[in-house]
Every structure is written in C-alpha cells, then in structure tokens.
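Every number here is computed from the coordinates shown, using simple stated rules; none is lab data. None of the values given here were measured: they were computed from a predicted structure. Note that we place each Cβ from the backbone using ideal geometry, even for glycine, and neighbour counts take in every protein chain shown.
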C-alpha cells in the first residue's frame, strides 16, 4: 500500500468503500468509517496473505496489494457483523 499518510487515507477510503459495496453495508458506513475499515482491513489482508500464502507485501502501491486489501476489508466487515457492531440488512 502507499507509504505516505495521505496516500494511506485515500487508498483506505477507496478500499473501505468497495468492500462496503461488496458486502452490501454501504448504507451503514460513512466516509470516516470507510477509511477505518479500509486501513484496518488492508492490514488484516496483508497479514493473512503473508501468513497463509507467504505473499510478500510490496512497498508502495500495487494492484495485488490493492485486491488483498479489499479482501481483508471484506473479512473485517464480516467480523464486525459477527460481533454485532454492524447489522445485516
């Protein structure tokens, strides 16, 4: 993922927004929540990819890293639903 603070925020917002659309949680999440879900989900996805598949996360932006981030954000939203923090529509 991007190395700068603002790059992380922008890409995190996009990842969180796309993950909320995939999981149909878009009407529950605002801009700030999308950023938080995107950044935490990207970290979760990167960690899982490294542990399970020995995927080496590259420094800076990469398309594979972007898709790993979306997958992690989708998993994070599923976890939030499992914990009852987000409701199912």
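Of note:
- Filter result (surrounded by 17 or more Cβ atoms within 10 Å (Cβ to Cβ) and farther than 18 Å from residue 84 by Cα) within the stretch 20-39: 35, 38, 39
- Restricting the stretch 72-89 to residues that are without any contact (Cβ under 8 Å) to a residue 24 or more places away in the chain and not in a helix (DSSP H, G or I) leaves a set whose member that is nearest to residue 36 (Cα to Cα) is 85.
- Condition check for residue 45: without any contact (Cβ under 8 Å) to a residue 40 or more places away in the chain and more than 22 Å from residue 7 (Cα to Cα): no
- Only residues that are in contact with a helix residue (DSSP H, G or I) (Cβ under 8 Å, 6 or more places away or on another chain), outside any loop (DSSP other than H, G, I, E, B) and either farther than 19 Å from residue 14 by Cα or touching a residue at least 40 places away in the same chain (Cβ under 8 Å) (or both) were counted in the stretch 48-71, giving 6.
- Residue check, residue 26 outside any helix (DSSP H, G or I) and touching a helix residue (DSSP H, G or I) at 6+ places or on another chain (Cβ under 9 Å): yes
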